[in-house]
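*Asks:* Before we start, here is the structure in question, set down as structure tokens.
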Amino acid sequence: MDAFYASVEQRDNPDLRGKPVAVGGSEARGVVAAASYEARAFGVRSALPSVTAKRRCSELIFVKPRFDVYRAVSAQIREIFAEYTDLIEPLSLDEAYLDVTDNKQGIAIATEIATRIRARIKEVTDLNASAGISYCKFLAKMASDLNKPNGQAVITPKNGPRFVASLPVKKFHGVGPATAAKMERLGIVTGADLRAKPMEFLAANFGKSGTWYYRISRGIDERPVQPDRPRKSIGAEDTFRVDLFDFAAAKAELAPLTEKVWRHCEAKRMGGRTVTLKVKFADFQQITRSRSFPIPVASQDELLASAAGLLQDVFPVAKAIRLLGVTLSSLESERAASADGQLALF
């Protein structure tokens with residue numbers, strides 16, 4: 001979906017249409033959750049501190065998020081997907097992979113399916129969607145950004161390796177700023193540079209990810225679309241109105257975070273064996289600390305105690321803390337804890 005949260009707000013409030021809109025908190029400690037395309041023209045983007053966003057665009061309008069509405073719209077879109085295929089792998093409320101090789105409509109051209117889905121989304125929700133069409137998930141994801149907003153693009157098997165070769169590695173889906181910087185230090189700036197490196201070199205410098213980089217640099221991604229893709233983690237975080245220096249004050253902030261995580265675990269009937277603490281300091285430096293257990297964490301109190309232990313190891317701090325987060329991963333269901341054709345693209 002195109003600027004999903006902001007577009008929903010502009011749809012529901014005509015006064016916001018055509019104006020720079022940011023979904024999120026406008027207070028000093030707020031963060032932008034989503035930005036309209038009018039706001040993006042000023043450099044406003046998601047995850048940007050609200051004060052920075054306001055400096056970049058003095059006319060920026062902040063709107064509080066309405067996640068219940070976004071979830072309802074997302075469900076409508078999921079129903080539209082299901083008219084064409086059952087192989088749907090949601091990534092978030094506004095994004096999903098679809099395998100339409102054997103689609104319910106019997107349509108032989110993948111771009112035609114994307115066109116019809118986008119038209120149905122517009123008809124049902126009055127929102128714009130963009131689509132990427134390709135023979136694998138990595139390239140479909142990359143294609144989805146090529147003609148935004150309200151467009152679609154296709155990368156064919158013939159053009160896949162050539163497209164990857166010309167792309168800067170910093171634009172690769174899954175390559176973050178730190179990895180991109182490391183690649184640049186190693187002389188890897190484009191997909192072609194990445195492809196030129198032997199597997200042994202990539203494995204030595206990037207570990208298990210080296211195999212992945214070796215394959216995608218050649219346009220190879222054999223991951224299937226997984227309708228029941230297991231959730232990898234459950235987490236919660238909070239940015240504080242006042243920076244924290246004191247351990248007792250910081251520890252007190254862990255209680256509502258662990259309560260939220262545990263509530264989600266109970267709702268999903270999941271447990272996890274790895275507890276991770278995220279700490280972001282006043283200068284925006286971020287660190288994480290983790291601890292894994294042989295069996296899933298058994299209670300909210302145990303989760304809180306584990307997070308507090310990780311926090312204790314961080315203190316004393318040389319600079320104030322502005323954000324804390326707690327995540328439970330290595331998830332298992334309660335039950336587990338107890339006991340060939342290629343569709344034409346265009």
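*Asks:* Could you list, in sequence order, the residues of segment 209-265 that are more than 30 Å from PRO316 (Cβ to Cβ), in a helix (DSSP H, G or I) and within 21 Å of the chain's Cα centre (by Cα)?
*Replies:* SER209, TRP212, TYR213, ILE216, HIS264, CYS265
*Asks:* Follow-up question, since we're still on this one. Of the residues ARG120, ARG162, which single one is open to solvent by 20 Å² or more (accessible area, probe 1.4 Å), charged (D, E, K, R) and touching a helix residue (DSSP H, G or I) at 6+ places or on another chain (Cβ under 6 Å)? Break it down into steps so the answer makes sense when it comes.
*Replies:* Numbers: ARG162 fails: touching a helix residue (DSSP H, G or I) at 6+ places or on another chain (Cβ under 6 Å).
Testing whether each residue is open to solvent by 20 Å² or more (accessible area, probe 1.4 Å), charged (D, E, K, R) and touching a helix residue (DSSP H, G or I) at 6+ places or on another chain (Cβ under 6 Å) leaves just ARG120.
*Asks:* In segment 181-219, how many are among the hydrophobic types (A, V, I, L, M, F, W, C) and in contact with a strand residue (DSSP E or B) (Cβ under 8 Å, 6 or more places away or on another chain)? Let's see the steps before the verdict.
*Replies:* First, pick out the residues of segment 181-219 that are among the hydrophobic types (A, V, I, L, M, F, W, C): 181, 183, 186, 188-189, 192, 194, 196, 199, 201-204, 206, 212, 216.
Narrowing further to those that are in contact with a strand residue (DSSP E or B) (Cβ under 8 Å, 6 or more places away or on another chain): 189.
Matching residues across segment 181-219 total 1.
*Asks:* Assess whether LYS170 counts as being at pLDDT below 95 and either closer than 30 Å to LYS122 by Cα or among the charged types (D, E, K, R) (or both). Walk me through how you get there before you give the answer.
*Replies:* Working: at pLDDT below 95: yes; either closer than 30 Å to LYS122 by Cα or among the charged types (D, E, K, R) (or both): yes.
Judged against the criteria, LYS170 is a match.
*Asks:* On the given criteria, is ALA110 of a type in the set (A, V, I, L, M, F, W, C) and either surrounded by fewer than 18 Cβ atoms within 10 Å (Cβ to Cβ) or under 23 Å from the mean Cα position of the chain (by Cα) (or both)? Even if it seems obvious, please write down each step before you answer.
*Replies:* On the way: of a type in the set (A, V, I, L, M, F, W, C): yes; either surrounded by fewer than 18 Cβ atoms within 10 Å (Cβ to Cβ) or under 23 Å from the mean Cα position of the chain (by Cα) (or both): no.
Answer is no for this residue.
*Asks:* Of GLY30, GLY25, which residue is under 24 Å from THR239 (Cα atoms), open to solvent by 10 Å² or more (accessible area, probe 1.4 Å), modelled with pLDDT under 95 and of a type outside the set (A, V, I, L, M)?
*Replies:* On the way: GLY30 fails: open to solvent by 10 Å² or more (accessible area, probe 1.4 Å).
Selected residue: GLY25, the only one of GLY30, GLY25 that is under 24 Å from THR239 (Cα atoms), open to solvent by 10 Å² or more (accessible area, probe 1.4 Å), modelled with pLDDT under 95 and of a type outside the set (A, V, I, L, M).
*Asks:* Residues that are of a type in the set (A, V, I, L, M), assigned to a helix (DSSP H, G or I) and open to solvent by 50 Å² or more (accessible area, probe 1.4 Å): does segment 49-56 have at least one?
*Replies:* Pass one, segment 49-56, residues of a type in the set (A, V, I, L, M): 51, 53.
Subsequent filtering for residues that are assigned to a helix (DSSP H, G or I) retains 51, 53.
Now narrow it down to the ones that are open to solvent by 50 Å² or more (accessible area, probe 1.4 Å): 51.
Yes, some residue in segment 49-56 is of a type in the set (A, V, I, L, M), assigned to a helix (DSSP H, G or I) and open to solvent by 50 Å² or more (accessible area, probe 1.4 Å).
*Asks:* In addition: Consider THR179 carefully, then state whether it is touching a helix residue (DSSP H, G or I) at 6+ places or on another chain (Cβ under 8 Å), surrounded by 16 or more Cβ atoms within 10 Å (Cβ to Cβ) and hydroxyl-bearing (Ser, Thr, Tyr). Give the steps one after another, and end with the answer.
*Replies:* Numbers: touching a helix residue (DSSP H, G or I) at 6+ places or on another chain (Cβ under 8 Å): yes; surrounded by 16 or more Cβ atoms within 10 Å (Cβ to Cβ): yes; hydroxyl-bearing (Ser, Thr, Tyr): yes.
So THR179 fits the description; yes.
The values are calculated or read from the model by the stated rules, or taken from the named source; none is laboratory data. Note that this is a predicted model, so its numbers are computed, not measured. A quick note on method: Cβ atoms are made from the backbone with ideal geometry, for glycine too, and the neighbour counts reach across all protein chains shown. Each accessible area value is taken on the protein alone, full model and side chains, heavy atoms only, with ligands, DNA and RNA left out. Shrake-Rupley method; radii C 1.70, N 1.55, O 1.52, S 1.80 Å.
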